[in-house]
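Chemist: Okay, handing you the structure first.
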Amino acid sequence: MSRTAGCWQSCVRHVFHYETVKTLVIPNVRVGCVFRFTQLLVLLYVVGYVCVVQKSYQEKESVVSTVTTKVKGFAFTNTSTGNWKFWDVADYVIPPQGETSLFVLTNMVVTPHQTQTRCPELPNPSTTCVDDCDCIEGLSDPRGNGIQTGLCENFSTTVRTCEVLSWCPLEIDSELPERALLASAENFTLFIKNSITYPKFNFHRRNIGSHISSSYLQSCEFHRATDPECPIFRLKHIVSEAGEEFQEMAVKGGVLGIIIDWSCDLDWWAETCHPKYSFRRLDKDPASNLAPGYNFRFAKYYKTQNEEEFRTLFKAYGIRFDVIVFGTAGRFSIVPTIVNLGAALAFLSLVPVVSDWFMLTCMRKGDLYSRHKVTHLHEDGDAEAELTSTSYGTQ
Amino acid sequence: MSRTAGCWQSCVRHVFHYETVKTLVIPNVRVGCVFRFTQLLVLLYVVGYVCVVQKSYQEKESVVSTVTTKVKGFAFTNTSTGNWKFWDVADYVIPPQGETSLFVLTNMVVTPHQTQTRCPELPNPSTTCVDDCDCIEGLSDPRGNGIQTGLCENFSTTVRTCEVLSWCPLEIDSELPERALLASAENFTLFIKNSITYPKFNFHRRNIGSHISSSYLQSCEFHRATDPECPIFRLKHIVSEAGEEFQEMAVKGGVLGIIIDWSCDLDWWAETCHPKYSFRRLDKDPASNLAPGYNFRFAKYYKTQNEEEFRTLFKAYGIRFDVIVFGTAGRFSIVPTIVNLGAALAFLSLVPVVSDWFMLTCMRKGDLYSRHKVTHLHEDGDAEAELTSTSYGTQ
Amino acid sequence: MSRTAGCWQSCVRHVFHYETVKTLVIPNVRVGCVFRFTQLLVLLYVVGYVCVVQKSYQEKESVVSTVTTKVKGFAFTNTSTGNWKFWDVADYVIPPQGETSLFVLTNMVVTPHQTQTRCPELPNPSTTCVDDCDCIEGLSDPRGNGIQTGLCENFSTTVRTCEVLSWCPLEIDSELPERALLASAENFTLFIKNSITYPKFNFHRRNIGSHISSSYLQSCEFHRATDPECPIFRLKHIVSEAGEEFQEMAVKGGVLGIIIDWSCDLDWWAETCHPKYSFRRLDKDPASNLAPGYNFRFAKYYKTQNEEEFRTLFKAYGIRFDVIVFGTAGRFSIVPTIVNLGAALAFLSLVPVVSDWFMLTCMRKGDLYSRHKVTHLHEDGDAEAELTSTSYGTQ
C-alpha cells in the first residue's frame, strides 16, 4: 500500500465513514415518561405559543398610508349685538384641503380692523405708567405686544399704559366666550378616506371596502357596535368615544387622535383585513394637566380704497383631528420560521440532559444505570474499569 | 482520605473531568453519503438563502425623511364670456409651502361675491314649495344649505323654493366644466427634494446625489429609462406612469402617490444607495370604484368700502400629490447573525437523527449496526446483553 | 407470546424505554478546562452581550406621535423708504395652525398690486427684442413669465422686451435683501408639544413630563446642559445647535430638523423615558451643495371698489422647522427571549465538537482517548476490534 493511497483511504474514511453515537436503552417507564413529557412540553410551546398565538413564522411589515378627510355641516351664530353669521366648511375648516390633520374651529376671539399704528398697551404691572418717563422709547418687551414709543397714554378712563407701535387695536384674548361659539359643530360629520399599502407584500386596501355600497355610504354613521366600518364620523360621537365632553373641549380646543389600526394576518384572513378605529385625546395626559387646549392665531388681510392694509385677527380655538394610521401585517416567510424552529430544536436538545439528570439522581437504580452509561478512563493505564468503577454521582 | 478531601475531589471530577460520548464508526459509504448530503443541504440553506438572499445577518431600520416640493409652470384660461385669466404657482398650488403633500388645482366651480344674506334654496324634492306654509322658520336641514326663514321664494320663473339664510348666492356645483379648466397643468413640473436619515446607522442622504451636477438639474426631467435619478417630474408623465390619463383625472381630481423607496444595503452598496420612484393612484382601487376624486372648498375673503365682508367661494378639484417615503436599511449586526447561525446549527443537530434512521431501517446490515450501536440494559440484573441481544428495531 | 402482544411491547419499548448516549469520562484537567472555558465564552456572550447590551429578550415597537407647535415673538422692520412694519405670529408663521412642520418667514421679495394685464417681460437673451417681429403672439415659454402678445415694448429706457399677458408688474426676485428682513426672528421662541404612543405596549407619554411644573414652563428655555427637558426653544439656539449660523440661513432660507428621539426601555426605566432632542439642517449635505435654501411664493388677494382683483405676491424665504419624531421601545417578550436562548443553546452544542477536536489532536494521549471513545466496526464480520484498532485520527 503506497503512502498516497493510504492518505486517500484515510480521507475517504474521514468523510464518508459515518460516525454515530453508541447508546444504552434503559427499560424504565418512569424515565421514559419524564423524557417524553419534557419533549411534549417543548413541542407544545412551539406549536401552540410560537406558531398559533405569536405567529412567529411570519415576516412583519409596517403600514404606509394616505388620508383624505372631508367635513360636512354648517352652523349659525348669533352675537349679543343681534348680528347673525352663517358658517360653512370654507369658514371653519383650516386648512381647507382635508389632509391627515384637520382643524375645526369652535371658538374664537376676533379683533377686527387692526392697522399698523400706535395704541396703549394692555394693562399689566410692567406696562402701566404715570407719565412718559415710565416708558422707554424703542423698548421691545418679549411679553408685550409691540415696540414702545416712549409715550404714556390713557388705556381707559382709569388706567394709563405705555404706547406701542403694533397692529392696533390690540387683541384682548381674556374675553373668550365661555360657551363655544360654534357649539353646533358637534353635529358636523367627518368623512375619512384612507388608502394603505404594505409595499413588501404588494397589498393595497382602502377603508371603504369593496363590500360597502354607495347607498350605505350616503346614509351611514360610524358606531362601534352597529356600524363599525362606516367611515363617516359625527364629531360629538368621536369626542365622547375618547371619553371627553364635546362642549367642554370646544371652548379651549384640543387635539383628538383618530387612530386607525390596520394590523392584519395576510396568510389566512387577508379578505377580512379591515381597519379598527379608536379615539384618544392627545393634548393632555392623566398624570399632568399642563398646557392642554389648542389654539392659534391667523388673520384675514384687506386693503382700503387708499391701498392701506388692515386685517382681522382671529385667535382660533378648536379641535384638531389627527388621523393616525398604524399597523403591522404578517405573512409566512421562511427565515423567521426556520429561526423559530431552530430555537425550538435547540431546546429539544436540552431534553436528554434533563432526563439523564433525573435518571442518575432521582431513580433508585441510578447507580446501576450510571455504571453502564459512563465509562471512566484511568490516566495511568489504557485499561478500562467500566463495570467495577462506582458512578461519579454517588461516591 | 478525609471526607472533605473526598468531596473536593468529587467536585473537581465533576467540573474538570471531560465527559465525551462514545461513538461507533460505520464503514459504509452509502450511510456516509446520506449524512454528508443532509449536512450540505443545511449549509446551502444557511449560506445561500439566509445570508445571500435574505441578508438575515443584518439589523434593519426604517427610514426617517423630510420632503420639500416645488411646482413650476403657468397656465392661461379663457372663459366663454371672453375673459382671460393667467394662473401662476401662487394661484394654483394649495398650500403654497411645498410640503410632503401638495395640491395642484385643475378644475373648479367659482361662486363670486357671496354675502351673508337670504336667498332661495337650490331646488330638490325637500326644498321646493308652493307657499310659505311649506317652509318652517328656523329649520336647518343637514342636506340643505342654510337655515330656513319660513318664506317661499322664486328660485327661477318656474320653480319656487324655501328661502334660507346663508352665504348667497348659493353654489351650484353641478356646473363643473367637463374639460378641466387648467388642462395645461399637465406640463407643469414638480421638483422634489428629499432628505433621509437612518438614525441608528447615522446614515444621511438626499435624492439629489453628489454625482448630480447643477447643470443636469436645470435641464433634466424624470424618465424611468433615461433619467431615473432626476428629481424633476412632469405632471403628465407621473400620472401616466401610474396608469391614469391626466385629462380624465384633472376633471374630478384625485390623489396620486409618488412613492420613494430607499431600501438599501449599507454593508456593501452604501455608495449606490439611490431612491427608486414609483407612482400609484390612491383614491380608488380596482375592487371598488366608490368615492373616487378629490375636491375641497375654500374661499377668498374681501371687504367692501363699508367694511361688509364678501367672499369668492371655490370648489377646487385637482390632483393631490402625496410623496410617500419608505424603506428599510440593513447593516451587519452580531445579534441577528448569531440567531440565524444558531438556528442553522440546531438544524445540523437533526442530521444525525436522519442518518441514524436511514442506517437502521433502510440498510441491509441495519440489524448488525444496531447491535453494535445500541446496548440494551436488563432491569432484573446488572449484566449487559450487548452482542447477543437483538436490536429493538427489527424484532 | 401472540403477535399483537409482541407488537404492543415493541411499541412501548420504542416510546417509553429511554435511550441515552454512552459516555466516557476523560480524567484530564486540560481537556476539561478547554471544555469549561468554551462553555463560559458562550454563556458570557448570551448573558453579557445579548441580554445586557442588546436587550434581545425584548419585543420592539416603533413610536406613533402627534405634534403641536407654537411660535412666540414679534419683529419690527424699517424699509429704506422710511416705512415701518410690525410683524406678529399671524404675519410670519405659515401655515398658522402649528403642525409638525412650520415655516418662519425671515426674508422676502414683495411685488405689490399685481393685476391681470400686459407688461414687458424681464430682460434675458430670449425675451429682448428690437421690434414686434421678434415676438410671437401666443408663445408661452416655460422659462418666461406669461403668454406673449406679439408686441415689443420698452422695459426700461435702454432695453426692449416682448410684452406678455401675466400678473403685472412682474416679480423681480434678484433684488433679495442681503441681510434678512426679519433678522430679529432669531429671538422668537418655539413651543413644541409632543404626545407619543407605543400602541402594542399601551404606553402614552408627552414631552411635558408630569414632573414639569407650570411655573418652570413659563420661564424655561431649552439648553442641552442646563434645561434638557424644557420644550421651549429659541430659534437662534437650535440653528446653532445644528452647526449653522442663523443670520446666514435666514437670507436664503432652509429646512431644519428638530429630531426627537423617544427610544425607551419599558422594562426597567419606563419612568425615566424622556425625549432626547437633536437638531440637523436637512436641505444640504456635506457631499453636495446643490439646491440648498427654502422658499415659496404665495399671494394675498384683494379687490378694488369695482370688484377687480389684484394681489400682493410674496416670494417668501425662511426656515422650515420639521419636527421629526422617532424611537423604538422594547419590552420583555417570551418569543425573542426563546429565540435568542435557543441560538445560544445551539452554540453550546458546538462546544463538545471543539473539545473533542482538541482532545484527539492536540493532546499527547489523544491516541489513547480515541481508542476508548471510538469503536470501528468492520464490514466483513460483526466482530468489534475496539481496543486493538488504531484511532482514525492518527493513522
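The values are calculated or read from the model by the stated rules, or taken from the named source; none is laboratory data. All figures in this text were calculated on a predicted structure; none of them were measured in a lab. Every residue, glycine among them, receives a Cβ derived from its backbone with ideal geometry; neighbour counts consider all protein chains shown.
Chemist: In the stretch A:80-89, what residues are among the hydrophobic types (A, V, I, L, M, F, W, C) and either free of Cβ contacts under 8 Å to residues at least 40 places away in the same chain or facing another protein chain (nearest Cβ under 7 Å) (or both)?
Modeler: Answer for the stretch A:80-89, where residues must be among the hydrophobic types (A, V, I, L, M, F, W, C) and either free of Cβ contacts under 8 Å to residues at least 40 places away in the same chain or facing another protein chain (nearest Cβ under 7 Å) (or both): A:Trp84, A:Phe86, A:Val89.
Chemist: Which residue is farthest from C:Val374 (Cα to Cα), if the candidates are limited to the stretch A:2-27 and must be assigned to a loop (DSSP other than H, G, I, E, B) and within 7 Å of chain B (Cβ to nearest Cβ)? Reasoning before the result, please.
Modeler: Just the residues of the stretch A:2-27 that are assigned to a loop (DSSP other than H, G, I, E, B), to begin with: A:2, A:17, A:22, A:27.
Next, only the ones that are within 7 Å of chain B (Cβ to nearest Cβ) stay: A:17, A:22, A:27.
Values: A:His17: 12, A:Lys22: 9, A:Pro27: 25 Å.
The selected residue is A:Pro27.
Chemist: Also, quick follow-up: Of the conditions (1) surrounded by 21 or more Cβ atoms within 10 Å (Cβ to Cβ); (2) within 30 Å of A:Gly293 (Cβ to Cβ); (3) facing another protein chain (nearest Cβ under 7 Å), C:Tyr92 clears all except one; give me its number.
Modeler: Result: C:Tyr92 fails condition (3) only.
Chemist: Check the stretch A:72-82 and report whether any residue there is out of contact with any Phe, Trp or Tyr (no Cβ under 7 Å at 6 or more places or on another chain) and of a type in the set (D, E, K, R).
Modeler: no
Chemist: Does the stretch C:245-266 include one or more residues that are within 14 Å of chain A (Cβ to nearest Cβ), at negative phi and not aromatic (Phe, Trp, Tyr)?
Modeler: no
Chemist: A further question follows. Looking at (1) free of Cβ contacts under 8 Å to residues at least 12 places away in the same chain; (2) of a type in the set (Val, Ile, Thr); (3) assigned by TED's automatic domain parsing to the domain that holds A:Phe222, which is the one condition that is false for A:Thr197?
Modeler: Single failed check for A:Thr197: (1).
Chemist: Ok, one more. What do you reckon, is B:Val104 within 12 Å of chain A (Cβ to nearest Cβ), surrounded by fewer than 21 Cβ atoms within 10 Å (Cβ to Cβ) and of a type in the set (A, V, I, L, M, F, W, C)?
Modeler: No, not satisfied.
Chemist: Continuing with this model, one more query. Is it true that some residue in the stretch C:40-49 is closer than 26 Å to B:Val21 by Cα and touching a Pro at 6+ places or on another chain (Cβ under 8 Å)?
Modeler: For the stretch C:40-49, residues closer than 26 Å to B:Val21 by Cα and touching a Pro at 6+ places or on another chain (Cβ under 8 Å): absent.
Chemist: Moving to a separate point now. I need every pair where a residue in the stretch C:200-223 that is in the same structural domain as C:Ile260 (by TED's automatic domain parsing) has its Cβ under 6 Å from the Cβ of a residue that is at pLDDT 90 or above and of a type in the set (Lys, Arg), sequence separation at least 6 or different chains.
Modeler: Correct list of pairs: C:Phe201/C:Arg331; C:Glu221/C:Arg234.
Chemist: Please state which of the following conditions A:Val50 fails to meet, knowing it meets all the rest: (1) crowded, with 21+ Cβ neighbours inside 10 Å; (2) modelled with pLDDT of 90 or more.
Modeler: (2)
Chemist: Let me ask something else. Please state which one of B:Phe222, B:Phe201, B:Phe188 is among the aromatic types (Phe, Trp, Tyr) and under 25 Å from C:Arg281 (Cβ atoms).
Modeler: B:Phe201
Chemist: Further question: When you go through C:Glu163, C:Glu99, C:Glu137, C:Glu121 one by one, which is the residue that is charged (D, E, K, R), in contact (Cβ under 8 Å) with a residue 24 or more places away in the chain and either under 30 Å from A:Gly146 (Cβ atoms) or surrounded by fewer than 21 Cβ atoms within 10 Å (Cβ to Cβ) (or both)?
Modeler: Values: C:Glu163 fails: either under 30 Å from A:Gly146 (Cβ atoms) or surrounded by fewer than 21 Cβ atoms within 10 Å (Cβ to Cβ) (or both); C:Glu137 fails: in contact (Cβ under 8 Å) with a residue 24 or more places away in the chain; C:Glu121 fails: either under 30 Å from A:Gly146 (Cβ atoms) or surrounded by fewer than 21 Cβ atoms within 10 Å (Cβ to Cβ) (or both).
Going through C:Glu163, C:Glu99, C:Glu137, C:Glu121 in turn, just one is charged (D, E, K, R), in contact (Cβ under 8 Å) with a residue 24 or more places away in the chain and either under 30 Å from A:Gly146 (Cβ atoms) or surrounded by fewer than 21 Cβ atoms within 10 Å (Cβ to Cβ) (or both): C:Glu99.
Chemist: Right, something else. Out of the strands (runs of 3 or more DSSP E) lying entirely within the stretch C:288-335, which hold 1 or more residues that are at the interface with another protein chain (Cβ under 8 Å from one of its Cβ atoms), crowded, with 20+ Cβ neighbours inside 10 Å and in contact with a Gly (Cβ under 7 Å, 6 or more places away or on another chain)? Walk me through how you get there before you give the answer.
Modeler: On the way: elements: C:295-303, C:309-326, C:328-332.
In the stretch C:288-335, C:295-303, C:309-326 are the strands (runs of 3 or more DSSP E) which contain 1 or more residues that are at the interface with another protein chain (Cβ under 8 Å from one of its Cβ atoms), crowded, with 20+ Cβ neighbours inside 10 Å and in contact with a Gly (Cβ under 7 Å, 6 or more places away or on another chain).
Chemist: Across the stretch A:259-287, what is the number of residues that are crowded, with 17+ Cβ neighbours inside 10 Å and either touching a helix residue (DSSP H, G or I) at 6+ places or on another chain (Cβ under 9 Å) or outside any loop (DSSP other than H, G, I, E, B) (or both)? Step through it out loud before you land on a result.
Modeler: First, the residues of the stretch A:259-287 that are crowded, with 17+ Cβ neighbours inside 10 Å: A:259-262, A:264, A:266, A:273, A:275, A:277, A:279-285.
Filter once more, keeping what is either touching a helix residue (DSSP H, G or I) at 6+ places or on another chain (Cβ under 9 Å) or outside any loop (DSSP other than H, G, I, E, B) (or both): A:259-261, A:264, A:266, A:277, A:279-281, A:285.
Total meeting the criteria: 10.
Chemist: Tell me yes or no: at least one residue of the stretch C:35-48 is within 7 Å of chain B (Cβ to nearest Cβ), part of a helix (DSSP H, G or I), touching a residue at least 12 places away in the same chain (Cβ under 8 Å) and farther than 22 Å from A:Ser349 by Cα.
Modeler: The first filter runs over the stretch C:35-48 and keeps only residues within 7 Å of chain B (Cβ to nearest Cβ), leaving C:35-36.
Imposing the further condition that a residue be part of a helix (DSSP H, G or I) reduces the set to C:35-36.
With touching a residue at least 12 places away in the same chain (Cβ under 8 Å) added as a condition, the list becomes C:35.
If we keep only those that are farther than 22 Å from A:Ser349 by Cα as well, we get none.
No, the conditions are met nowhere in the stretch C:35-48.
Chemist: Give me a count of the residues in the stretch B:107-125 that are within 14 Å of chain C (Cβ to nearest Cβ) and under 17 Å from C:Gln116 (Cβ atoms).
Modeler: Going through the stretch B:107-125 one residue at a time, the tally reaches 2.
Chemist: Would you call B:Val52 farther than 27 Å from C:Ser355 by Cβ and more than 7 Å from every other protein chain (Cβ to nearest Cβ)?
Modeler: yes
Chemist: So which residues in the stretch A:345-355 are in contact (Cβ under 8 Å) with a residue 12 or more places away in the chain and crowded, with 21+ Cβ neighbours inside 10 Å?
Modeler: Scanning the stretch A:345-355 gives A:Phe347, A:Ser355.
Chemist: Output the residues belonging to the stretch C:225-259 that are touching a residue at least 40 places away in the same chain (Cβ under 8 Å) and charged (D, E, K, R).
Modeler: C:Glu229, C:Arg234, C:Lys236, C:Lys252, listed by residue number.
Chemist: For the stretch C:61-84, check the following and say yes or no: at least one residue is part of a strand (DSSP E or B) and of a type in the set (Asp, Glu).
Modeler: yes
Chemist: Determine whether the stretch C:37-50 contains at least one residue that is assigned by TED's automatic domain parsing to the domain that holds C:Phe298, of a type outside the set (Asp, Glu) and over 32 Å from the mean Cα position of the chain (by Cα).
Modeler: no
Chemist: Quick one: is C:Thr127 at pLDDT below 90, of a type in the set (Val, Ile, Thr) and not assigned by TED's automatic domain parsing to the domain that holds C:Phe74?
Modeler: Criteria met by C:Thr127.
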